[in-house]
Each structure stands twice: as structure tokens, then as C-alpha cells.
1. Residue under question is Val86, and the condition is that it be in contact (Cβ under 8 Å) with a residue 60 or more places away in the chain, closer than 23 Å to Gly53 by Cβ and among the hydrophobic types (A, V, I, L, M, F, W, C); does it hold?
2. Examine the stretch 135-158 for a residue that is modelled with pLDDT under 95 and part of a helix (DSSP H, G or I), and state whether such a residue exists.
3. Within the stretch 60-72, can one find any residue that is small (Gly, Ala, Ser), without any contact (Cβ under 8 Å) to a residue 40 or more places away in the chain, in a helix (DSSP H, G or I) and open to solvent by less than 70 Å² (accessible area, probe 1.4 Å)?
4. Can you pull out every residue in the stretch 124-158 that is within 15 Å of Ala73 (Cα to Cα) and of a type in the set (Asp, Glu)?
5. Against the conditions (1) in a helix (DSSP H, G or I); (2) in contact with a helix residue (DSSP H, G or I) (Cβ under 6 Å, 6 or more places away or on another chain); (3) closer than 20 Å to Asp45 by Cα, where does Ser130 fall short? Just the number, please.
6. What do you reckon, is Val23 within 21 Å of the chain's Cα centre (by Cα), among the β-branched types (Val, Ile, Thr) and either surrounded by 13 or more Cβ atoms within 10 Å (Cβ to Cβ) or modelled with pLDDT of 85 or more (or both)?
7. With the requirement that a residue be among the aromatic types (Phe, Trp, Tyr) and over 11 Å from the mean Cα position of the chain (by Cα), what does the stretch 121-169 give you?
8. Of everything in the stretch 78-120, what is within 14 Å of the chain's Cα centre (by Cα) and open to solvent by 20 Å² or more (accessible area, probe 1.4 Å)? Give them in sequence order.
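The values are calculated or read from the model by the stated rules, or taken from the named source; none is laboratory data. Owing to the predicted nature of the structure, the values given are computational and were not obtained by experimental measurement. Reconstructed Cβ throughout: ideal geometry from the backbone, glycine too, with neighbour counts over all protein chains shown. Only protein heavy atoms, including side chains, enter the accessible area calculation; ligands, DNA and RNA are left aside. Shrake-Rupley method; radii C 1.70, N 1.55, O 1.52, S 1.80 Å.
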Amino acid sequence: MTTSAAVRIRKWAKEALVAIIIVTLAAIAIDMWRSQSMVSGSAPDLPYTTLQGKEVNLIAMSQEKPVLVYFWATWCPVCNFVSPSVDFMSEHYDAVTIALRSGDEKRVNQYLTAKEYGFATINDPSGKISQEWKISVTPSLFVIDKGEISSVTTGFTTPLGMWIRLLFS
């Protein structure tokens, strides 16, 4: 490799690193701004039954290990990218998802089957649960640890981002 090629590669790498840092900081700032109006502190009690017939008690579930709570919708384009990651994470961590204004139980079940998602889902056709949690954007992800909300993120996130939030909650 010639010296000028090496210089160009180093310059490109530095510019790419700066761009990644700027995008990351902007995403963190946007996430903090979006989540400031959402519920914080103690997690709202979520005594519901999933579409799969399982009783959910987030406070009890989160006593031994963190629980991922994912608010999503069938009509949400970003959720199409985040939901597969949540499905993957649900194989390794407790996860409860809430389908927001996505139709009746039959429609949501058809969607879950078509996408081959195995995560536990509570249907929120009227938006009552999302109002309790003060959800302002989908998708929204919460990590609940010992009944307390330890992390909130909105919009796109990766399995690595979810894993880090769960690990360090």
C-alpha cells in the first residue's frame, strides 16, 4: 500500500469515527428528550394476561432479574426492525410486549404468527396501557429491575443496545 493510500484510509477512518460519535450523541439526546415525559421511577403494575394466556406481574417478574418491556404496533415501520431483536432477546431474558392500537386479539395473533414472533404480548387496542405508561412514541423499550424503571429508550435500537441496558440495569 502506498503512503498516500494509507493517509487517505486514516483520514477516512477518523472522519467515520467522528460521524459515528456525532450520530450516537444525537440519538442519545433525542432519546432523552422523547423519554422525559414517560413514566419513571416505580414501574406501573401490569396485571394483565398475554395473548398466549400467561398472567403477567412485572413487579414480581423483575425481582430476580431485569425484564424488558416493549411497546410496539403493527403499523409502526421502525417496529419492523426492532421487533426481531426483541424476539431474539426474549429467548434469553424475560420480555413482555404491548401491542398498541394494533387491532383485536385475532389480528394481533395473526400478525405475530405471520412474523414468527414468540415474545409474550399483551394487546392494548384502546391505548389504555400506553396512557398509563405515558408512551409518546413507538417503539418504546423499558428495562424494569426490582420494580423500578432502570432504562428507557425510544425508536430504533439493536440487540446489543438492549443487552447492554439489561446487563447494566
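1. Values: in contact (Cβ under 8 Å) with a residue 60 or more places away in the chain: yes; closer than 23 Å to Gly53 by Cβ: yes; among the hydrophobic types (A, V, I, L, M, F, W, C): yes.
Criteria met by Val86.
2. No, the stretch 135-158 contains no residue that is modelled with pLDDT under 95 and part of a helix (DSSP H, G or I).
3. yes
4. Once the filter is applied, which keeps residues that are within 15 Å of Ala73 (Cα to Cα) and of a type in the set (Asp, Glu), the stretch 124-158 yields only Asp124.
5. (2)
6. Judged against the criteria, Val23 is not a match.
7. Across the stretch 121-169, the qualifying residues are Trp133, Phe168.
8. Kept after step one, since they are within 14 Å of the chain's Cα centre (by Cα), are these residues of the stretch 78-120: 78-90, 93-100, 119-120.
Passing the criteria: Val78, Asn80, Phe81, Pro84, Asp87, Phe88, Ser90, Tyr93, Asp94, Ala120.
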